[in-house]
Amino acid sequence: MALKIQLNYSLNFNLIKRRPKQIKFLIFHYTGMKKESEAIYRLTSIKSEVSSHYFIKNNGDIILMVPDLYTAWHAGKSSWKNYKSLNQYSIGIEINNPGHQINYKKFSIKQINSILTLSKFLIKKYKIKKENILGHSDIAPNRKKDPGEKFPWKYLASRKIGLWHTLSSQLLKKNRQIKVTYKDKQNFYKNLHQIGYSRSSLKDLNEIHKLKLIVKAFQRRFRQELVNGIIDKECVIISNYLVKKYK
């Protein structure tokens, strides 16, 4: 699939140009709005104070809204590993989808093909590491759910876009909803930090609600069949695998 890009520029970006080497992350979002036209308007309207570099329509068309070397306003308050405020280090890709609060649905085949083509282009151009390809919920788990559990992380990882695991489905199902010890939970949180989830989000293990949101972010990314915010043996096994393989 050849990369064809339409132009519909947004005024919402930082005027100071950044160096290509500053671009280290690729962040996926969904729009979370009923109508595609409304989402495009919001991302290009100066009143909204939000934007993204790219927008992928329902039919797979790709729109460039902010040129790569300018900082778009897509991530908000965010962190990953030792990075904070990821706008300045990332390229944001918005994909049209009504999201969890309206009528969350699967991404279309045309959208997925465009995600694949655009991502490969950007990864090669800016030498983005696979562990730095993230969802909005990864970098802002206390605020965001997108791109959500219907986003095709497994498929993309099989095409060298982002991380996944190769654990057998039989093993995972066997350990799903199996209770874990307190020590297992501590190990799981340690694994989350090593994977990249911000230490600031994990510093207080007594913040039960906050921690549940982080667990849900992990599940939306790596255990999409069940997103309940509860740590079970399946979650621990997946986190152990990711830490060993990608440390």
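The values are calculated or read from the model by the stated rules, or taken from the named source; none is laboratory data. Computed from a prediction, not measured in an experiment: that's the story for all the values here. Here Cβ is always computed from backbone atoms with ideal geometry, including for glycine, and neighbour counts include all displayed protein chains.
Just wondering, is there one or more residues in the stretch 124-142 that are on the phi < 0 side of the Ramachandran plot, in the same structural domain as Asp232 (by TED's automatic domain parsing) and of a type in the set (Val, Ile, Thr)?
no
Using the structure shown, decide if Leu211 is among the aliphatic types (A, V, I, L, M) and modelled with pLDDT under 95.
yes
Identify the single condition in (1) modelled with pLDDT of 95 or more; (2) under 17 Å from Arg143 (Cβ atoms) that Lys77 does not satisfy, given that it satisfies every other one.
Exception for Lys77: condition (1).
For the stretch 181-208, name all the residues that are at pLDDT below 95, among the polar types (S, T, N, Q) and assigned to a loop (DSSP other than H, G, I, E, B).
Ser198, Asn206
Restrict the check to the stretch 213-223 and report whether at least one residue is assigned to a helix (DSSP H, G or I), more than 16 Å from the chain's Cα centre (by Cα) and charged (D, E, K, R).
no
Looking at Ile161, Ile178, Ile237 in this structure, which one is assigned to a loop (DSSP other than H, G, I, E, B) and over 16 Å from the mean Cα position of the chain (by Cα)?
Selected residue: Ile178, the only one of Ile161, Ile178, Ile237 that is assigned to a loop (DSSP other than H, G, I, E, B) and over 16 Å from the mean Cα position of the chain (by Cα).
Every residue in the stretch 126-174 that is buried (at least 22 other Cβ atoms within 10 Å of the Cβ) and hydroxyl-bearing (Ser, Thr, Tyr), please.
Residue satisfying the conditions is Ser137 alone.
Which pairs do you get when a residue that is within 18 Å of Lys125 (Cβ to Cβ) and outside the structural domain of Asn132 (by TED's automatic domain parsing), found in the stretch 63-77, comes within reach of a residue that is surrounded by fewer than 17 Cβ atoms within 10 Å (Cβ to Cβ) and among the basic types (Lys, Arg), reach meaning Cβ atoms under 7 angstrom, with the pair 6+ apart or on two chains?
none
Quickly run through the stretch 208-225 and pick out the residues that are among the hydrophobic types (A, V, I, L, M, F, W, C), surrounded by 15 or more Cβ atoms within 10 Å (Cβ to Cβ) and out of contact with any strand residue (DSSP E or B) (no Cβ under 9 Å at 6 or more places or on another chain). I'd like the intermediate steps shown before the answer.
First pass over the stretch 208-225, keeping only residues among the hydrophobic types (A, V, I, L, M, F, W, C): 208, 211, 213-215, 217-218, 222.
Keeping just the survivors that are surrounded by 15 or more Cβ atoms within 10 Å (Cβ to Cβ) gives 211, 213-215, 217-218, 222.
Hits for the stretch 208-225 are Leu211, Leu213, Ile214, Val215, Phe218, Phe222.
I'd like the residue in the stretch 80-109 that is hydroxyl-bearing (Ser, Thr, Tyr) and in contact with a helix residue (DSSP H, G or I) (Cβ under 8 Å, 6 or more places away or on another chain) and, out of all such residues, is modelled with the highest pLDDT. Steps first, answer last, please.
Residues of the stretch 80-109 hydroxyl-bearing (Ser, Thr, Tyr): 83, 85, 89-90, 104, 108.
Applying the additional criterion that residues be in contact with a helix residue (DSSP H, G or I) (Cβ under 8 Å, 6 or more places away or on another chain) yields 83, 89.
Working: Tyr83: 95, Tyr89: 98.
Among those that are hydroxyl-bearing (Ser, Thr, Tyr) and in contact with a helix residue (DSSP H, G or I) (Cβ under 8 Å, 6 or more places away or on another chain), it is Tyr89.
Taking the stretch 157-175 as the search range and keeping residues that are hydroxyl-bearing (Ser, Thr, Tyr) and within 18 Å of Lys244 (Cα to Cα), which one is modelled with the highest pLDDT?
Taking the candidates together, the pick is Ser168.
Here is a yes/no grid of residues against (1) surrounded by 17 or more Cβ atoms within 10 Å (Cβ to Cβ); (2) on the phi > 0 side of the Ramachandran plot:
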position	(1), (2)
Gln6	no, no
Ile23	yes, no
Arg42	yes, no
Glu49	no, yes
Ser52	yes, no
Gly76	no, yes
Asn87	yes, no
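Is it the case, given these coordinates, that Asp138 is touching a helix residue (DSSP H, G or I) at 6+ places or on another chain (Cβ under 8 Å), in a loop (DSSP other than H, G, I, E, B), in contact (Cβ under 8 Å) with a residue 12 or more places away in the chain and of a type in the set (Asp, Glu)?
Numbers: touching a helix residue (DSSP H, G or I) at 6+ places or on another chain (Cβ under 8 Å): yes; in a loop (DSSP other than H, G, I, E, B): no; in contact (Cβ under 8 Å) with a residue 12 or more places away in the chain: yes; of a type in the set (Asp, Glu): yes.
When the stated conditions are applied, Asp138 does not pass them.
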